[in-house]
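> Attaching a single structure in structure tokens format; questions to follow.
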Amino acid sequence: GDWVLDRGISKETARAYRNDKTGNIHVTHRGTKGLADWTNNLAYTFGLDAYTHRGKQSKRVQERAEAKYGTENLDTSSHSQGSAHARKYAKDKDKVIEINPANSGHATKGGTVIRSKSDPVSILGVPHRFVSNLFSKKKNTDVTTAAKANPLEAHSLDTLDELGDKVVGKGFKKMRQGYELTPKQIEKSIKLLQNMTR
């Protein structure tokens, strides 16, 4: 559509897109792909993912996008392992949308989490977000989709299909243009990213 990949900023694991018609920017961090990423997953469980090549790439992409475009009209989406990086490196946590995020049992504050009830990867974050909502004035947004019998299906991006046209996340600050990020737009950008990295 109107989204253009910023090739000067983007890397294989994280990409920045701009929409010249609306002035909006979208950074997306993809999930696990290939054997090397399983090594990164292991590093994440020990809190060492920032030192991996993937962690450094994600940080560079997020920081360069925010430096080039600012944060007012920039949002970030992520899936699985990519959520750890989006959560860590995005300046505005309220505009981070995580889909079935990897979580080693720490609290994820702010933003929106979309997860399948039966997703085995994101389950550890649920109690922490519940407790965080009890004791914080700033509430997290959680969207839960139906449970799936197959854990791989539960963890996939297909969970977004259940949301239909429901608007999730904070959308962009520039609401005078009437723009909000819908699940279909998130899914389209993530699928585009997946196709480009194959």
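> Examine the range 119-137 for a residue that is more than 23 Å from Asp6 (Cβ to Cβ), among the polar types (S, T, N, Q) and modelled with pLDDT of 70 or more, and state whether such a residue exists.
Yes, the range 119-137 contains a residue that is more than 23 Å from Asp6 (Cβ to Cβ), among the polar types (S, T, N, Q) and modelled with pLDDT of 70 or more.
> Would you point out the residue of the range 144-162, among those that are open to solvent by 50 Å² or more (accessible area, probe 1.4 Å) and part of a helix (DSSP H, G or I), that is nearest to Thr32 (Cα to Cα)?
For the range 144-162, the residue satisfying everything is Leu152.
> Counting only residues that are surrounded by 15 or more Cβ atoms within 10 Å (Cβ to Cβ) and among the acidic types (Asp, Glu), give me the strands (runs of 3 or more DSSP E) lying completely in the range 1-88 with at least 1 of them. Reasoning before the result, please.
Working: elements: 3-5, 14-19, 24-29, 74-79.
Answer list for the range 1-88: 74-79.
> Now a separate question. What are the residue pairs meeting all of these: first residue in the range 87-104, first residue on the phi > 0 side of the Ramachandran plot, second residue not in a helix (DSSP H, G or I), Cβ atoms under 7 Å, and 6 or more apart or on different chains?
Between residues of the range 87-104 that are on the phi > 0 side of the Ramachandran plot and residues that are not in a helix (DSSP H, G or I), the close pairs are Asn100/His79; Asn100/Ser80; Asn100/Arg115; Asn100/Ser116; Asn100/Asp119; Asn100/Val121; Asn100/Ser122.
> Being under 23 Å from Thr22 (Cβ atoms) and among the aromatic types (Phe, Trp, Tyr) is the filter here; which residues of the range 47-106 pass it?
Tyr69
> Which one is modelled with the highest pLDDT, of the residues in the range 19-51 that are among the polar types (S, T, N, Q) and more than 19 Å from the chain's Cα centre (by Cα)?
Among residues in the range 19-51 that are among the polar types (S, T, N, Q) and more than 19 Å from the chain's Cα centre (by Cα), the one modelled with the highest pLDDT is Thr22.
> Mind listing just one residue for me: the one in the range 92-108 that is modelled with pLDDT of 80 or more and open to solvent by 40 Å² or more (accessible area, probe 1.4 Å) and, of those, nearest to Ala67 (Cα to Cα)?
Asp92
The values are calculated or read from the model by the stated rules, or taken from the named source; none is laboratory data. Quick caveat, the model's predicted, so the values are computed rather than measured. Positions of Cβ are backbone-derived with ideal geometry, glycine not excepted, and every protein chain shown enters the neighbour counts. Only protein heavy atoms, including side chains, enter the accessible area calculation; ligands, DNA and RNA are left aside. Shrake-Rupley method; radii C 1.70, N 1.55, O 1.52, S 1.80 Å.
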